[in-house]
Amino acid sequence: MGMTMTQKILAAHAGLDKVEAGQLIEADLDLVLGNDITSPVAIHEMDKMTVDTVFDKDKVALVMDHFIPNKDIKSAEHCKCVREFACRHEITNYFDVGEMGIEHALLPEKGLTVAGDAIIGADSHTCTYGALGAFSTGVGSTDMAAGMATGKAWFKVPSAIKINIVGKPSKWVSGKDVILHLIGMIGVDGALYKSLEFVGEGIKNLSMDDRFTIANMAIEAGAKNGIFPVDELTEAYMKEHSSRPYKAYEADADAVYDEEYTIDLSTLKSTISFPHLPSNTRTMDQITEDVVIDQAVIGSCTNGRIDDLRCAAKILEGRKVKKGVRCIVIPATQKIYLQAMEEGLLKIFIEAGAVVSTPTCGPCLGGYMGILAAGERCISTTNRNFVGRMGHVDSEVYLASPAVAAASAVTGKISVPEELGL
Amino acid sequence: MKANGTVFKYGDNVDTDVIIPARYLNSSDPKELATHCMEDIDKDFVKKVQKGDIIVAEKNFGCGSSREHAPLAIKAAGVSCVIAETFARIFYRNAINIGLPIIECPEASKGIEAGDEVEVDFDTGVITDKTKGTTFQGQAFPEFMQKIIKAEGLVNYINSQQK
């Protein structure tokens with residue numbers, strides 16, 4: 001019985017020739033990540049340990065991105081705690097205001113995550129780096145502390161679900177529609193404890209940014225990780241961004257999968273997740289009544305990359321955000337922000353009546369920079385639409401692609417770009 | 001080791017945003033977090049919960065964010081055990097790592113109702129609904145995890161390994 005791609009990476013990091021689903025292993029880590037919410041708890045835990053410092057100051061990444069620039073005094077205290085820890089332990093990859101970006105957009109851009117890596121992060125969307133062919137998974141703060149102290153983490157080797165991607169997507173269909181469609185199909189616990197392994201000839205039709213979006217939301221199906229094979233596009237991305245050596249793993253031909261699904265990109269439509277679960281998906285033709293919105297958010301670790309901003313700009317160019325709608329655009333990193341400026345995207349957003357924010361996770365989790373009042377609705381390119389996720393417990397979040405969020409900002413109700421004649 | 005308490009019952013997909021909303025994550029103090037535990041799904045939880053009480057839920061308990069603040073808030077609120085049909089994987093790890101006992105048992109999740117008096121034996125995995133006089137066999141932790149639980153969390157476990 002062969003191994004899946006994930007199992008091969010885990011075996012290599014556990015120093016084993018072979019692992020199988022269900023086996024408990026201890027794996028060496030290439031990177032341990034934390035943010036301004038989770039790191040303070042991890043630092044507190046690490047202080048209780050009988051260790052002097054981190055296992056490798058180059059293999060810990062601390063990214064201040066959730067509530068910064070500090071939204072209040074308590075958040076400022078959290079960041080201060082992490083800043084002092086980073087300084088005390090000479091953490092190489094500490095990113096504060098001015099250098100920071102949303103962690104899961106920032107780390108690949110900085111070349112800190114490459115194919116074949118085993119990565120843990122105290123943030124559930126750490127699974128994003130599977131887009132590059134790495135094993136990466138979200139953990140809590142205590143696991144992060146243990147990872148920082150020892151460079152190791154224990155895992156139960158996951159079984160896998162194989163997702164065969166075929167075909168080519170139509171103009172406004174992107175990675176977000178692929179992953180929302182998949183979550184709608186298998187449910188928010190459809191891949192619980194498992195890997196989502198994406199394969200198939202259709203992958204070549206997905207940009208790196210599409211793949212980051214898809215891997216990013218693997219957790220929304222309950223998955224331990226989502227992972228893509230390494231192809232020419234992945235290699236080109238890594239060569240552009242990283243000087244680290246990488247290793248491309250492939251699943252064995254006789255690897256065993258619990259389930260297999262096929263997604264034909266050519267048949268996918270713009271997909272929207274209705275409140276209050278990402279799996280509550282509908283396509284436009286299934287929406288029978290106008291869903292009037294108060295806010296549109298374009299950004300986050302899911303959809304704040306340059307492809308996402310370019311797509312939104314194509315729709316907002318020469319158009320206006322509907323009066324009464326707040327449209328908030330958040331480039332995910334400083335580099336993306338600058339690129340958007342140089343390409344003239346920021347001008348398009350501002351002329352359309354949108355606001356452009358410094359990189360932050362802010363509104364996605366109801367932190368700041370776009371909190372909803374009771375009864376308000378937001379169309380958002382973020383990743384969760386749970387009760388109260390973006391503010392008041394009686395507000396609503398609808399998840400969608402940048403194309404749908406931008407088109408909806410123009411019409412004031414949930415809309416697809418085709419409604420604007422695009 | 002046993003847990004004894006009154007049951008608070010919830011359904012599928014209780015997410016970490018309702019267990020502890022992100023608007024309170026500017027604190028990492030378990031006692032403070034506990035004062036907002038379950039607030040967006042059950043406003044009365046914090047008022048009613050007594051030390052030792054038990055949460056029983058259905059599928060995918062603790063889905064969503066990796067915030068360890070979620071099991072920390074539940075534990076600090078006095079809850080002695082969470083029983084569910086299944087747990088989201090990060091919540092599962094976090095609960096073990098901070099020493100909040102959790103147990104998977106689909107039958108108990110279906111058979112136990114809000115307000116029932118329940119006893120959980122962690123060594124055997126046996127769950128007893130004393131109100132109804134029914135028992136259920138839950139999944140006891142694998143040995144690997146029992147070691148972490150016996151050490152009262154991952155940090156103590158690591159410290160004991162390094163001695």
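The values are calculated or read from the model by the stated rules, or taken from the named source; none is laboratory data. From a predicted model like this one, the values you see are computed outputs, not experimental measurements. Using ideal geometry, Cβ is built from the backbone for each residue, glycine included, and neighbour counts are taken over all protein chains shown.
Taking the listed residues B:A114, B:A84, B:A151, the one that is under 26 Å from A:S124 (Cβ atoms) and modelled with pLDDT of 95 or more is B:A84, with no other qualifying.
Quickly run through the range A:378-422 and pick out the residues that are over 18 Å from A:S174 (Cβ atoms) and of a type in the set (F, W, Y). Residue satisfying the conditions is A:F386 alone. The residue of the range A:38-91 that is surrounded by the fewest Cβ atoms within 10 Å (Cβ to Cβ), among those that are of a type in the set (S, T, N, Q), within 11 Å of chain B (Cβ to nearest Cβ) and in contact with a helix residue (DSSP H, G or I) (Cβ under 9 Å, 6 or more places away or on another chain), is A:T50.
A:T333 meets each of the listed conditions (1) touching a helix residue (DSSP H, G or I) at 6+ places or on another chain (Cβ under 9 Å); (2) free of Cβ contacts under 8 Å to residues at least 24 places away in the same chain apart from (2). Among residues of the range B:117-136 being surrounded by fewer than 19 Cβ atoms within 10 Å (Cβ to Cβ) and among the charged types (D, E, K, R), the one that is farthest from B:V56 (Cα to Cα) is B:D123.
So which residues in the range A:25-54 are among the aliphatic types (A, V, I, L, M) and closer than 29 Å to A:G367 by Cα?
Scanning the range A:25-54 gives A:L31, A:V32, A:L33, A:I37, A:V41, A:A42, A:I43, A:M46.
Could you tell me which residue of the range B:137-163 is farthest from the other protein chains (Cβ to nearest Cβ), considering only residues that are surrounded by 15 or more Cβ atoms within 10 Å (Cβ to Cβ) and of a type in the set (S, T, N, Q)? Here the residue is B:N156. Filtering the range A:261-287 to residues that are of a type in the set (S, T, N, Q) and touching a Ser or Thr at 6+ places or on another chain (Cβ under 8 Å) leaves A:S266, A:S270, A:T271, A:S273, A:S279, A:N280, A:T281, A:T283. Among the residues making up the range A:108-126, a single one is more than 14 Å from chain B (Cβ to nearest Cβ) and closer than 22 Å to A:E45 by Cβ: A:A118. For residues that are within 18 Å of A:S141 (Cα to Cα) and part of a helix (DSSP H, G or I), tally how many sit in the range A:5-43. Number of matching residues: 5.
B:Y24 fulfils the conditions (1) in contact with a Phe, Trp or Tyr (Cβ under 7 Å, 6 or more places away or on another chain); (2) more than 17 Å from B:I98 (Cα to Cα) except for a single criterion, (1). Across the range A:145-156, a minimum of one residue is classified as within 13 Å of chain B (Cβ to nearest Cβ), in a strand (DSSP E or B) and in contact with a Gly (Cβ under 9 Å, 6 or more places away or on another chain). Residues that are within 14 Å of chain B (Cβ to nearest Cβ) and either in a helix (DSSP H, G or I) or closer than 21 Å to A:T6 by Cα (or both) occur in the range A:203-217; there is at least one. Checking the stated criteria, B:A34 turns out not to satisfy the condition of being within 14 Å of chain A (Cβ to nearest Cβ) and touching a residue at least 40 places away in the same chain (Cβ under 8 Å).
This table checks each residue for (1) within 14 Å of another protein chain (Cβ to nearest Cβ); (2) out of contact with any Pro (no Cβ under 7 Å at 6 or more places or on another chain); (3) more than 24 Å from A:V178 (Cβ to Cβ).
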residue	(1), (2), (3)
A:A354	no, yes, yes
A:P359	no, no, yes
A:N385	yes, no, no
A:M390	yes, no, no
A:L422	no, yes, no
